[in-house]
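Quick notes on the structure that follows.
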Ligand SMILES: NC(=O)c1ccc[n+]([C@@H]2O[C@H](COP(=O)([O-])OP(=O)(O)OC[C@H]3O[C@@H](n4cnc5c(N)ncnc54)[C@H](OP(=O)(O)O)[C@@H]3O)[C@@H](O)[C@H]2O)c1
């Protein structure tokens, strides 16, 4: 259903994985979509394939966010939907996690998401929709995930507080928390192919539906939260994990 006609949407990290699928979904629903990312070639590919506007922006760099806002204001004026999707993952045990590991994840996943919202607010229409991409890791005690998991838990806190602060402007703020999704992120973890496959097999067993999600399945939830179909939903989190987090211990 084309229920996002006349809406302008930004998808951060929209040149790959879940962001790419969300850009496709929002476009299919009639929105004009802007996608961001650092990789110019991947952005150009998304522009051609999805009929979206690509803007190079590094979410961990405040000047780059300012530049993004300037470009969006110049090209589109106001916007209606923001999907804070850009994020990175890497894993390390507590005794060997470095400051670089900590800062790189927090700078993109938390600081970047926080300031992207803050800086987009002046051009976000009242009645708009903000959606964070968090993760089931925010709720799990998965070994070696402390920094990534806490970055996503921090985003869940932003979700609740921003929902309260922005309610006066009728801006709805929600989060989607995916379980494992088949995307290029697993190739970026610095693990050997066999390690990724082993990890995937282990996780797959724990997921009630016995498979990873497709990015499009997360994108559909984003499309729903962005639309008036979710008009009474704010400050909420939708977990899209095939039953991973409710799987029984025995
Ligand atoms: N895949 C999963 O199983 C899963 C599960 C739960 C949550 N998530 C979350 O879903 C989101 C998307 O992940 P994905 O799985 O789709 O991975 P992906 O394919 O690696 O996509 C990550 C996206 O984020 C962008 N990005 C990374 N760092 C950035 C930065 N500093 N500035 C701007 N853009 C940046 C990347 O673009 P550039 O490289 O061009 O910058 C890319 O478009 C992440 O927040 C991730 O934590 C994923």
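Using Cβ contacts closer than 10 Å as the measure, can you line up 150, 129, 60 from fewest to most?
In order of increasing Cβ crowding within 10 Å: 150, 60, 129.
Send over the Kirkwood Rh of the chain, from the inverse of the averaged 1/r over different Cα pairs, rounded to one decimal Å. Spell out each step's value before the answer.
Values: mean 1/r = 0.0549 Å⁻¹.
Value: 18.2 Å, from the Cα pair sum.
As an exercise, find the ratio Rg/Rh for the range 21-134 from alpha-carbon atoms, using the Kirkwood inverse-distance average for Rh.
1.00
How far is helix 193-206 tilted, in degrees, relative to the longest principal axis of the Cα atoms in the chain, given as a value from 0 to 90 rounded to the nearest 10?
Around 90 degrees separate the two axes.
For a quick check, take a GNM of the chain with Cα springs below 10 Å and name the residue from 233, 218, 105 with the largest mean-square fluctuation.
233
Could you state the angle between the C-alpha long axis of helix 40-50 and the longest principal axis of the C-alpha atoms of the chain, as a value from 0 to 90 degrees rounded to the nearest 10?
Rounded to the nearest ten degrees, it is 70.
Work the Kirkwood hydrodynamic radius out for the range 82-131: mean of 1/r over every pair of different alpha-carbon atoms, inverted, in Å. Could you put the intermediate results ahead of the total?
Numbers: mean 1/r = 0.0798 Å⁻¹.
That comes to 12.5 Å for the range 82-131.
Give me D for the range 106-246 in µm² s⁻¹, whole number, from Stokes-Einstein with Rh from the Kirkwood sum over alpha-carbon pairs, 10 °C and 1.306 mPa s. Spell out each step's value before the answer.
Working: Rh = 16.1 Å.
My calculation gives 99 µm²/s for D.
Students often check this: by mean Cβ neighbours within 10 Å, which of 12-18, 191-197 ranks highest, and how do the rest follow? All intermediate terms of the calculation are to be shown ahead of the outcome.
On the way: 12-18: 26.4, 191-197: 11.1.
Averaged packing, sorted descending, gives the order 12-18, 191-197.
Nearest 500 deg cm²/dmol is fine: what mean residue ellipticity at 222 nm does the chain get from its DSSP H runs of n ≥ 4 alone, each adding -39,500 (n - 2.57), divided by its residue count?
-12500 deg cm²/dmol
Anyone know which of 161, 173, 35 comes out most mobile in the 10 Å Cα GNM of the chain?
161
Among 198, 87, 223, which one moves the most in a GNM of the chain with springs linking Cα atoms closer than 10 Å?
In this elastic network of the chain, the residue with the biggest mean-square fluctuation among 198, 87, 223 is 198.
Can you sort 91, 232, 115 from fewest to most other Cβ atoms within 10 Å of each residue's own Cβ?
Final ranking by Cβ density, sparse to dense: 232, 115, 91.
Calculate how many DSSP beta bridges within the chain are antiparallel, expressed in % of all such bridges and rounded to the nearest 5.
0 percent
Between 0 and 90 degrees, rounded to the nearest ten: what's the tilt of helix 146-166 against the longest Cα principal axis of the chain?
Relative to the chain, helix 146-166 is tipped by roughly 30 degrees.
Quote the relative contact order of the range 1-102 in percent (integer), defining contacts as alpha-carbon pairs under 8 Å separated by 6+ residues.
Across the range 1-102, relative contact order equals 30 percent.
Could you state the per residue volume, in Å³, of the convex hull enclosing the Cα atoms of the range 1-83?
Details: hull volume 6.6 nm³, N = 83.
Considering the Cα atoms of the range 1-83, their hull volume per residue is 80 Å³.
Relative contact order, percent, of the chain when contacts are C-alpha pairs under 8 Å separated by at least 6 residues?
20 percent
Each label point is 7 Å from the Cα along the Cα-to-Cβ direction; what then is the distance between the points at residue 250 and residue 67, in nm?
My value for the distance between the label points is 5.9 nm.
What do the square roots of 5 times the Cα gyration tensor eigenvalues come to for the range 197-249, in whole Å, largest first, as semi-axes of the equivalent ellipsoid?
Output for the range 197-249: semi-axes of 27, 13, 7 Å.
Fewest to most neighbouring Cβ within 10 Å: what's the order for 1, 142? Numbers along the way, then the final one.
Details: 1 9, 142 14.
Listing 1, 142 from fewest to most nearby Cβ atoms yields 1, 142.
Computed from the coordinates by the stated procedures, all read-outs in this text should not be read as laboratory data. The shown structure was predicted, so the numbers you read here are calculated from the model rather than taken from an experiment. Quick reminder, even Gly has a Cβ in these numbers, built from the backbone with ideal geometry, and neighbours come from all protein chains shown.
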